[in-house]
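**Student:** Next up is a structure, given as C-alpha cells.
The values are calculated or read from the model by the stated rules, or taken from the named source; none is laboratory data. If you're wondering where the values come from, they're calculated on a predicted model, not measured in any experiment. Here the Cβ is made from the backbone with ideal geometry for all residues, glycine too, and neighbour counts use every protein chain on show.
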Amino acid sequence: MLLLVDLDNTLVDRASAFDQWAKEFVRRLGRAPGDADWLIGADRDGYESRLSLAGQMKIKFGLNHDIEALVQILLFEHVDLMTMDAQNLRALKEAREAGWLIGIATNGTTAQQTRKIDRLGLNNYTDAIVISEEAGVSKPEREIFEIAAHRLHGEPGNGWMVGDHPIADIEGGRKAGLSTGWVSRGRAWPHAEATPVLTGLTTAEVIDTIVRRASR
C-alpha cells in the first residue's frame, strides 16, 4: 500500500513560517506592516516562482539586492521557522506500522526541500522522497507521482496522494491513478468536478481515515 504525501502546508506549516518571516523582513526594512500583507499575497502560498517574486520585491521595496540574492533569501530564510504538528508524525508512524509505504512528493528546489525534511526529521518516517527539481518534473504532471510510486516499488493505482493543493496534489494525483485525500485547512473545495475521495481538516485526520478504511 502506497501513501504519497505533499510537504508544504501538508506535512509542514509553510504558511505560518513564511508569514512570520515576511513580517520580520518588512520590519527590518522599516516598512509599514501592510507591506507584509502585500508580500504574503504576492507569494501565493509558495506558488509564485521565486524569481518572479524576487523581481516584484526589488521594485516594490526599492531594494539594492541583486535578484539571485533575493531568491536565496526567499528560499531559505523562512525554513528555520517551520514547524510540524506532532499529530502528523504520529499519523505517519502509525501508517508505517500498519504496513504502508510512505513517500513525500513535493515541488521545489532540492536544496530547500531537503533542508526542511532534514530539519524536521521526516527521513525517519518516510521510505522515499521525490523533489521536483531532482526529478525533472513537477506536480501536477503524472510523471512525478509515477516516479514516487516506482521508488516505493509499487504502482500509482495501488496508492493514495494526500495534499493541500487542489490542482498540484489532488487533480495531479487523480490523473496519475491515485486515490486522493485533500487537506482542506478550513477551506471549501474550490472545484465543481474531480472532487477528492476524502477530505479532512488536517493531514493527520486524512491519513488516519485512509489507514482505517484500508484495515476494514
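**Student:** Please work out which residue is surrounded by the fewest Cβ atoms within 10 Å (Cβ to Cβ), limiting yourself to segment 80-89 and to residues that are of a type in the set (S, T, N, Q) and part of a helix (DSSP H, G or I).
**Tutor:** Kept after step one, since they are of a type in the set (S, T, N, Q), are these residues of segment 80-89: 83, 87-88.
Then keep just the ones that are part of a helix (DSSP H, G or I); that gives 87-88.
On the way: Gln87: 14, Asn88: 22.
Selected residue: Gln87.
**Student:** Inside segment 8-29, can you point out the residues that are under 30 Å from Ala91 (Cα atoms) and in a helix (DSSP H, G or I)? Give the steps one after another, and end with the answer.
**Tutor:** Within segment 8-29, the subset under 30 Å from Ala91 (Cα atoms) is 8-21.
Passing the criteria: Arg14, Ala15, Ser16, Ala17, Phe18, Asp19, Gln20, Trp21.
**Student:** Taking only segment 30-46 into account, find how many residues are surrounded by fewer than 14 Cβ atoms within 10 Å (Cβ to Cβ) and either touching a residue at least 12 places away in the same chain (Cβ under 8 Å) or part of a helix (DSSP H, G or I) (or both). I'd like the intermediate steps shown before the answer.
**Tutor:** Of all residues in segment 30-46, those surrounded by fewer than 14 Cβ atoms within 10 Å (Cβ to Cβ) come to 30, 32-34, 41, 44.
Checking which are either touching a residue at least 12 places away in the same chain (Cβ under 8 Å) or part of a helix (DSSP H, G or I) (or both) leaves us with 34, 41, 44.
Number satisfying all stated conditions: 3.
**Student:** Under 6 Å between Cβ atoms, at least 6 apart or on separate chains: pull out the pairs that start in segment 110-130 with a residue that is within 17 Å of Thr83 (Cβ to Cβ) and at pLDDT 95 or above and end on any residue that is of a type in the set (Ser, Thr, Tyr) and surrounded by 20 or more Cβ atoms within 10 Å (Cβ to Cβ).
**Tutor:** Final answer for the pair search is Gln113/Thr106.
**Student:** Would you be able to tell me the number of residues in segment 47-59 that are under 23 Å from the mean Cα position of the chain (by Cα), of a type outside the set (Ser, Thr, Tyr) and either surrounded by fewer than 15 Cβ atoms within 10 Å (Cβ to Cβ) or not in a helix (DSSP H, G or I) (or both)?
**Tutor:** Count: 2.
**Student:** Shifting gears a bit: Hey, among Gly103, Gly62, Gly99, which residue is exposed (fewer than 14 other Cβ atoms within 10 Å of the Cβ), closer than 25 Å to Ala214 by Cβ and of a type outside the set (D, E, K, R)?
**Tutor:** Details: Gly103 fails: exposed (fewer than 14 other Cβ atoms within 10 Å of the Cβ); Gly62 fails: closer than 25 Å to Ala214 by Cβ.
Residue meeting the stated conditions: Gly99.
**Student:** Before we move on, is Gly157 of a type outside the set (Phe, Trp, Tyr), within 15 Å of Ile144 (Cα to Cα), surrounded by fewer than 16 Cβ atoms within 10 Å (Cβ to Cβ) and modelled with pLDDT under 95?
**Tutor:** yes
**Student:** Please indicate, with yes or no, whether at least one residue in segment 129-151 is of a type outside the set (Gly, Ala, Ser) and out of contact with any helix residue (DSSP H, G or I) (no Cβ under 9 Å at 6 or more places or on another chain). If you could, list the steps in order and put the result at the bottom.
**Tutor:** The first filter runs over segment 129-151 and keeps only residues of a type outside the set (Gly, Ala, Ser), leaving 129-131, 133-134, 137, 139-147, 150-151.
Still in the list and also out of contact with any helix residue (DSSP H, G or I) (no Cβ under 9 Å at 6 or more places or on another chain): 150-151.
Yes, segment 129-151 contains a residue that is of a type outside the set (Gly, Ala, Ser) and out of contact with any helix residue (DSSP H, G or I) (no Cβ under 9 Å at 6 or more places or on another chain).
**Student:** What is the residue count in segment 64-79 for residues that are assigned to a loop (DSSP other than H, G, I, E, B) and over 19 Å from the mean Cα position of the chain (by Cα)?
**Tutor:** Kept after step one, since they are assigned to a loop (DSSP other than H, G, I, E, B), are these residues of segment 64-79: 64-66, 77-78.
If we keep only those that are over 19 Å from the mean Cα position of the chain (by Cα) as well, we get 64-66.
Number satisfying all stated conditions: 3.
**Student:** What are the residues in segment 90-116 that are assigned to a helix (DSSP H, G or I), out of contact with any strand residue (DSSP E or B) (no Cβ under 9 Å at 6 or more places or on another chain) and over 30 Å from Ile73 (Cβ atoms), if any?
**Tutor:** Arg90, Ala91, Lys93, Glu94, Glu97
**Student:** Only one of (1) touching a strand residue (DSSP E or B) at 6+ places or on another chain (Cβ under 8 Å); (2) closer than 24 Å to Ala15 by Cβ; (3) of a type outside the set (Asp, Glu) is not met by His153, so which one is it?
**Tutor:** So the condition that His153 fails would be (2).
**Student:** Also: Any residue at all in segment 89-106 that's in the same structural domain as Glu134 (by TED's automatic domain parsing), hydrophobic (A, V, I, L, M, F, W, C) and under 18 Å from Arg185 (Cα atoms)? Explain how you work it out, then say what you get.
**Tutor:** Let us first name the residues in segment 89-106 that are in the same structural domain as Glu134 (by TED's automatic domain parsing), namely 89-106.
Pick out the ones that are also hydrophobic (A, V, I, L, M, F, W, C) and you get 89, 91-92, 95, 98, 100-102, 104-105.
Right, trim to under 18 Å from Arg185 (Cα atoms) and you get 89, 91.
Yes, segment 89-106 has at least one match.
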